[in-house]
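Have a look at the structure below, then the notes.
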Amino acid sequence: MSKACPGCGESSQVLDLPAFWKSLAPGAELKAELAQPPSYAPAWLPVLGLVVAGVWLLAAGSLLGLVALAAGAGAGWVAWTRFQEAEAAREAWARSLYCRKCPGVFLPEQAKVA
């Protein structure tokens, strides 16, 4: 069973997106447009610095340590969330299909069965 594009219903022009992207010439316009989403490398050093500063301030008897710990936890959560979102986008790209007729990008579960 072949997969048809959910937009135009064509199945003969549906290709695996990563394989199609690799086959494009280096200067092709679609090469940049269909490229895999960038990875995200969180900067853990500032998060660690806030947590360490928070523990140190709390040990010194300052309530500002709670603020630093909360800021470190919040920054860590934001960094982790962005990392997870970037990885999910990259995984979705790796599974995506491309229709050369309409041109559209879609996931296999969105495809019609032809």
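The values are calculated or read from the model by the stated rules, or taken from the named source; none is laboratory data. Since we're looking at a predicted model, the values are computed, not measured. Cβ coordinates were reconstructed from backbone atoms using ideal geometry, including for glycine residues, and neighbour counts include every protein chain displayed. Remember, those area values only see protein heavy atoms, side chains included, never the ligands or the DNA or RNA. Shrake-Rupley method; radii C 1.70, N 1.55, O 1.52, S 1.80 Å.
Over the chain, average the accessible area per residue using a 1.4 Å probe and give it in Å², no decimals.
That works out to 65 Å² for each residue.
Could you calculate the contour length gain from SER39 to ALA89, that is, 0.36 nm times the residue separation minus the distance between their Cα atoms, to one decimal place in nm?
The SER39-ALA89 span can extend by a further 17.1 nm.
Using a 7 Å offset from the Cα along the Cα-to-Cβ direction at both GLN110 and ALA60, what is the distance between the two label points in nm, to one decimal?
The two pseudo-label positions are separated by 5.2 nm.
Roughly how many percent of the accessible protein surface of the chain is carbon and sulfur, given a 1.4 Å probe and a whole-percent answer?
After summing per-atom areas, the C and S share lands at 65 percent.
Output the Cα-based Rg and Dmax of the chain in Å, rounding Rg to one decimal and Dmax to a whole number.
That works out to 22.5, 70 Å for Rg and Dmax.
Leaving ligands and nucleic acids out of the surface, order TRP56, TRP80, TRP21 by accessible area at 1.4 Å, largest first.
Heavy-atom accessible area, descending, gives TRP56, TRP80, TRP21.
Counting only the heavy atoms of the protein chains, how much of SER39 is accessible to a 1.4 Å probe, in Å² to the nearest 10?
The value for SER39 is about 80 Å².
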